[in-house]
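Chemist: Sharing a structure below in structure tokens format, with a few things to ask.
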Amino acid sequence: MKIQLTTLQQLQSEKKLRVLIGKTPYLIVLVGEKPYMIPDTCPHQDASLYEGTLQGTCVTCPLHKATFDVVTGDIDEVSKMLYFDFGPEKITTYPLRMDGDSIYVDWQETI
């Protein structure tokens, strides 16, 4: 199912947006001219990554400063050692498409 999330113009203005798909929050960020989407919730203690800072391709959790790469899903090594001993190696990234000014995700109910 194709879901329109936002427009490029709005994302350029905001640099990052929090969107809901169903009841689940996701973070959309603009890196250069390309949009990326990851879960908005930090896997460590459920803080909103939208409230964190975006530098380059990385968003930093506002609670414990864990850093996540929005392009690759990588979690920085220090955060893995401190917070994610038995947790994820990466966070999920979702491919987005652009059609004119509109930004879409091809959503599957199983995601």
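The values are calculated or read from the model by the stated rules, or taken from the named source; none is laboratory data. What you are looking at is a predicted structure, and each value in this text was computed from that prediction instead of being measured. Cβ: placed from backbone, ideal geometry, glycine included. Neighbour counts: every protein chain shown.
Chemist: Within segment 51-74, take every residue that is among the polar types (S, T, N, Q) and in contact with a strand residue (DSSP E or B) (Cβ under 6 Å, 6 or more places away or on another chain) and give me the one that is nearest to R18 (Cα to Cα).
Modeler: T53
Chemist: Can you confirm whether I75 is buried (at least 19 other Cβ atoms within 10 Å of the Cβ) and under 18 Å from W107 (Cα atoms)?
Modeler: no
Chemist: A further question follows. If you go through segment 1-16 one residue at a time, how many are of a type in the set (K, R), within 15 Å of the chain's Cα centre (by Cα) and exposed (fewer than 15 other Cβ atoms within 10 Å of the Cβ)?
Modeler: The qualifying residues number 1.
Chemist: Only strands (runs of 3 or more DSSP E) wholly contained in segment 40-87 count here; list those with 2 or more residues that are at pLDDT below 95, on the phi > 0 side of the Ramachandran plot and not hydrophobic (A, V, I, L, M, F, W, C).
Modeler: none
Chemist: If only one of V29, V19 is assigned to a strand (DSSP E or B), free of Cβ contacts under 8 Å to residues at least 60 places away in the same chain and surrounded by 21 or more Cβ atoms within 10 Å (Cβ to Cβ), which one is it?
Modeler: Just one listed residue meets the conditions, V29.
Chemist: How many residues are loosely packed, with under 15 Cβ neighbours inside 10 Å, acidic (D, E) and either farther than 20 Å from D99 by Cα or under 15 Å from the mean Cα position of the chain (by Cα) (or both) when one looks only at segment 32-48?
Modeler: So the count comes out to 1.
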